[in-house]
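Computed from the coordinates by the stated procedures, all read-outs in this text should not be read as laboratory data. Worth saying up front: this structure is predicted, and the values here are computed from it rather than measured. Here the Cβ positions follow ideal geometry from the backbone for every residue, glycine too, while neighbour counts run over all protein chains shown.
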Amino acid sequence: MDFIIQLQHSAVMDWVRESGSLLGYPAILFLHTIGLATVAGLNGAIDLRLLGVASRIPLAPLNRFFPFIWGAFGVTALSGVTLLIADAETKLRSPVFYIKMAFIILALINLQLLKKRVFADPNVDTHPVTSQARMLAFTSLVFWVAATTAGRLMAYIGPVAGLGS
Amino acid sequence: MNAPHFHLILNHVPTIGSAIAIGLLLLGLLRRQEALTRVSLEVFYVIALITLPAYLSGVATGMELEKMPDISVEAIHKHHDGAIVAFGLMLLTGLSAWFGLWQWRRVNRPSWINIGIVLVLSLLTLTTMAGTATMGGEIRHPEMMPEGSAPTAGPSWIHAASIQSLVTDHTWIWPSLEALHFIGLWLLFGVVLLVNLRMLGMMKSVPFSALHRMLPWAVLGLGINIVSGMMWVIATPEQYMANVSFFWKMGFLLLAGLNLLYVTAFDEAWQVGANEDASFGNKAIAFGAIASWVFVMYFGRMLPFLGNAF
């Protein structure tokens with residue numbers, strides 16, 4: 001933890017935080033938003049399909065979205081880590097931050113379970129959606145909603161940074 | 001061109017536009033021409049979109065006008081209260097028209113229940129919009145009123161000021177709206193990506209018509225975000241009205257809104273079948289749609305950095 005706080009005071013992070021450049025903090029915040037919209041959005045759309053929305057969409061082709069979601073998660077995670085380090089003293093003391101991290105981990109485990117238990121089956125479209133798949137879709141939506149809510153509340157509850165967030 | 005200029009150009013569109021759309025709808029019903037009825041639904045949707053900048057430029061104009069001498073601030077506030085009701089009804093009309101177009105596209109025939117709902121909502125919209133327009137006119141044109149007559153009354157049950165105090169007096173409302181706005185954002189963007197990435201060639205085995213059923217969830221996300229966004233604008237207009245980032249966000253939102261009509265109602269999108277490559281035009285439009293939503297998010301995020309918000 002001390003190491004992260006030391007990093008907060010590095011020259012790069014000082015620039016990210018204080019340069020006022022649109023390529024600094026604002027650009028990283030934007031990448032984080034696009035990333036989360038892609039990850040939670042595509043995962044959420046797949047969840048809705050499993051729960052019965054647009055049931056004429058075959059499931060097998062949706063497999064192609066998994067690498068896309070993980071790629072977008074890479075962008076979200078990298079930008080997120082940068083935002084965390086830039087403001088580590090505040091964020092690491094925020095209980096909401098840890099709640100957010102917990103829900104993201106749950107959501108990612110859920111995503112892997114969807115992949116392994118539902119989409120890895122080559123005959124996925126020959127039988128109706130299993131109750132296990134529907135359950136995973138439901139919990140996935142709950143985790144992403146909770147992670148998004150916690151993420152937003154970090155700017156309002158507990159120690160709050162002076163940075164635009 | 002400034003906000004009052006914009007408002008003067010746009011402020012007649014919601015009233016005259018809905019009158020024309022109602023006329024088209026009735027003409028379609030009378031002549032039994034379904035194509036005409038369908039066009040009227042599309043016109044309602046587009047008019048609802050244009051009502052957004054009409055409303056927003058009005059808020060900015062009100063803020064400018066209040067600074068001037070010999071202006072009745074009360075008249076401006078009444079006009080604003082009326083505009084909130086009329087804009088709300090206009091959005092409901094546009095939403096119902098969108099839903100009617102979505103259903104129509106799917107089953108290839110109109111839903112008469114939906115047409116009935118659109119007709120009732122649009123008549124309510126036209127009445128309140130005309131009243132709102134009259135109140136707006138009276139702010140600067142006392143010659144509209146015969147001598148001794150009272151100004152047109154605004155609604156008594158809703159006030160911009162009470163929405164404002166609701167949002168600013170309770171510390172939990174703003175963060176709750178933020179959470180909702182971001183959930184709405186990913187719900188909308190996820191469906192937008194799924195639909196438009198298909199156009200661009202991902203999962204080509206899926207016909208576009210199967211993805212079409214997802215669209216109401218994008219509209220749900222959009223609805224959540226318009227309501228939460230409106231609450232912020234009413235609560236703290238000074239954060240948005242002189243904000244260049246907000247201007248661009250709304251501009252790209254209108255473009256993206258037009259795209260939503262395209263993927264919902266147009267034959268060109270609907271007819272992309274299983275294992276078919278979308279036309280170059282469809283691909284360009286799909287790319288433009290994703291780009292528009294990305295810009296909406298960019299300028300939303302830049303509200304505090306390019307502009308003066310927060």
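Rounded, prolate or oblate, given the Cα gyration tensor of chain A, with a/c below 1.5 counting as rounded?
Here chain A falls in the prolate category.
A:Asp2 to A:Ala60: FRET efficiency via 1/(1 + (r/R0)^6), r the Cβ-Cβ distance, R0 35 Å, to the nearest 0.05?
Between A:Asp2 and A:Ala60 the formula returns 0.10.
Enumerate the calculated ³J(HN,Hα) couplings along the range B:22-32 in order (Karplus 6.51 cos²θ - 1.76 cosθ + 1.60, θ = phi - 60°), each rounded to whole Hz, writing x wherever the residue is Gly or Pro.
Coupling constants for the range B:22-32: 4, x, 4, 4, 5, 4, x, 5, 5, 8, 6 Hz.
Check which residues have an amide H placed less than 5 Å from B:Ala309's amide H, if you skip close sequence neighbours.
Under 5 Å from the amide H of B:Ala309: no residue qualifies.
Which net charge results when you count Lys and Arg as +1 and Asp and Glu as -1 among the other residues whose beta-carbon is under 11 Å from that of A:Val53?
Neighbourhood net charge equals +2.
Under a 10 Å cutoff between Cα atoms, tell me which one of A:Lys116, A:Lys91, A:Lys100 has the largest fluctuation in the Gaussian network model of chain A.
It is A:Lys116.
Quick one: order A:Thr130, B:Thr51, B:Thr37, A:Thr90 by neighbouring beta-carbon count within 10 Å, fewest to most.
A:Thr130, A:Thr90, B:Thr37, B:Thr51
Can you compute 3J(HN,Hα) from phi for each residue in the range A:104-115, using the Karplus curve 6.51 cos²θ - 1.76 cosθ + 1.60 with θ = phi - 60°, rounded to whole Hz and x for Gly and Pro?
Computed from phi, the couplings for the range A:104-115 are 5, 4, 4, 5, 6, 4, 4, 4, 5, 5, 4, 5 Hz.
Net charge within 14 Å of B:Leu303 by Cβ-Cβ distance, Lys/Arg positive one each and Asp/Glu negative one each, not counting B:Leu303 itself?
0
Give me the inter-chain shielding for A:39-47: mean count of other chain Cβ atoms within 10 Å, whole number please.
6
Going by Cα centres, the range B:143-212 and the range B:237-310 are how many Å apart?
A separation of 14 Å, based on Cα centres.
Which of B:Gly94, B:Gly221, B:Gly281 moves the most in a Gaussian network model of chain B with Cα springs under 10 Å?
B:Gly281
For B:Lys283, go through the aspartates and glutamates and keep the ones whose alpha-carbon is under 20 Å away, minus same-chain ones fewer than eight residues off.
Output for B:Lys283: B:Asp267, B:Glu268.
Please check which bits of the range A:104-118 a label hung off A:Gln132 would reach, taking the label as a point 7 Å along Cα-to-C-beta and the cut-off as backbone N under 18 Å.
Only A:109-118 fall inside the zone, counting backbone N under 18 Å.
Separation between the B:Leu8 and A:Ala102 pseudo-spin-labels, each 7 Å from Cα along Cα→Cβ, expressed in nm?
In this crude label model, B:Leu8 to A:Ala102 measures out at 5.9 nm.
How many angstrom lie between the Cα centre of the range A:7-38 and the Cα centre of the range A:81-98?
13 Å
Suppose the chain between A:Lys115 and A:Val75 were pulled fully straight at 0.36 nm per residue; how much longer would it get relative to their current alpha carbon spacing?
The A:Lys115-A:Val75 span can extend by a further 12.4 nm.
Under a straight-distance cross-link criterion of Cα-Cα below 22 Å, which lysines are reachable from B:Lys78, leaving out those fewer than 8 residues away in the same chain?
List returned: B:Lys67.
Most exposed first by the Cβ proxy, i.e. fewest other Cβ within 10 Å, how do B:Ser122, B:Ser245 rank?
B:Ser245, B:Ser122
Please give the length that would be gained between B:Ala284 and B:Ala153 if that part of the chain were fully extended, namely 0.36 nm times their separation in residues minus their C-alpha to C-alpha distance (nm, one decimal).
42.3 nm
Please arrange A:Met135, B:Met90, B:Met199 by how many other C-beta atoms lie within 10 Å of their C-beta, fewest to most.
A:Met135, B:Met199, B:Met90
In terms of modelled amide H atoms, which long-range or inter-chain residues lie less than 5 Å from the amide H of B:Val272?
The answer is B:Phe208.
In nanometres, what is the gap between the two model label sites at B:Trp112 and B:Leu124, each 7 Å from Cα along Cα-to-Cβ?
About 2.2 nm separates the two model spin labels.
Report the gain in length on full extension from B:Phe310 to B:Leu30: 0.36 nm times residue separation, minus Cα-Cα distance, nm rounded to one decimal.
Length gained between B:Phe310 and B:Leu30: 95.5 nm.
With each pseudo-label sitting 7 Å past Cα toward Cβ, what's the A:Arg93-B:Ala161 distance in nm, one decimal?
4.1 nm
Straight-line reach only, C-alpha to C-alpha below 25 angstrom: list the lysines that A:Lys116 could link to, leaving out same-chain residues fewer than 8 apart.
In chain and number order, the partners are A:Lys100, B:Lys204.
Which is the longest run of chain B containing none of the GluC sites (Glu not before Pro) found in DSSP loop states (not H, G, I, E, B) with at most 16 other C-beta atoms within 10 Å?
The reported range is B:148-275.
Taking H as built 1.01 Å from N, whose amide H comes closer than 5 Å to the amide H of B:Leu200, not counting residues under 5 places away?
Those lying under 5 Å, H to H, from B:Leu200: there are none.
Pop out the ³J(HN,Hα) list for the range B:14-19 in order, Karplus 6.51 cos²θ - 1.76 cosθ + 1.60 with θ = phi - 60°, rounded to Hz; leave Gly and Pro as x.
Values per residue, Gly and Pro as x: x, 6, 5, x, 5, 4 Hz.
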